[in-house]
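These notes concern the structure reproduced below.
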Amino acid sequence: QVQLVESGGGLVQPGGSLRLSCGASGSFFAINTMGWYRQAPGNERELVATVTSSGSANYADSVKDRFTITRDNAKNTMYLQMSSLKPEDTAVYFCNADVLRSRYSTSFIRVWGQGTLVTVSS
């Protein structure tokens, strides 16, 4: 089984910075695209950013000038560097990955982490 675990969430003041991490563990062959999603109270879960296996990144308009998504394939770990944080960034942030379970698999499966809470408040 594949497991994704997020870390790095917490309380930060407006204008501050925070770095989230997502590590993959368990039994799998490879990971393709990874991404960060978030869900705030009263809102639907929304895409924050994605990063391909080669490092190509895409961002939601609301974060593209403030957040940076990266990954370390050797460590099966993805990061989200968040700067100039705003109260509206407050949400539970979820890690997502498209996983190839074995070299014989014909398709990827989508795996989700449990989420980590980011609270931006003074």
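Please work out which option in [x] 14.4, 51; [y] 14.2, 48; [z] 13.4, 41 gives Rg and Dmax of the Cα atoms in Å calculated from these coordinates, and answer with its label. Among [x] 14.4, 51; [y] 14.2, 48; [z] 13.4, 41, the one calculated here is [x]. According to a simple spin-label model (label point 7 Å from Cα along Cα-to-Cβ), what is the distance in nm between Ser102 and Lys86? Calculated label separation equals 4.8 nm.
Solvent exposure of the chain, expressed per residue, is 54 Å² of accessible area, with all protein chains present and a 1.4 angstrom probe. Modelled spin labels at Thr119 and Leu11, positioned 7 Å past Cα toward Cβ, are 0.6 nm from each other.
The values are calculated or read from the model by the stated rules, or taken from the named source; none is laboratory data. Bear in mind that the values here come from a model prediction, so they are computed numbers and not experimental data. Here Cβ is always computed from backbone atoms with ideal geometry, including for glycine, and neighbour counts include all displayed protein chains. All accessible areas refer to the heavy atoms of the entire protein, side chains included, with ligands and DNA or RNA removed. Shrake-Rupley method; radii C 1.70, N 1.55, O 1.52, S 1.80 Å.
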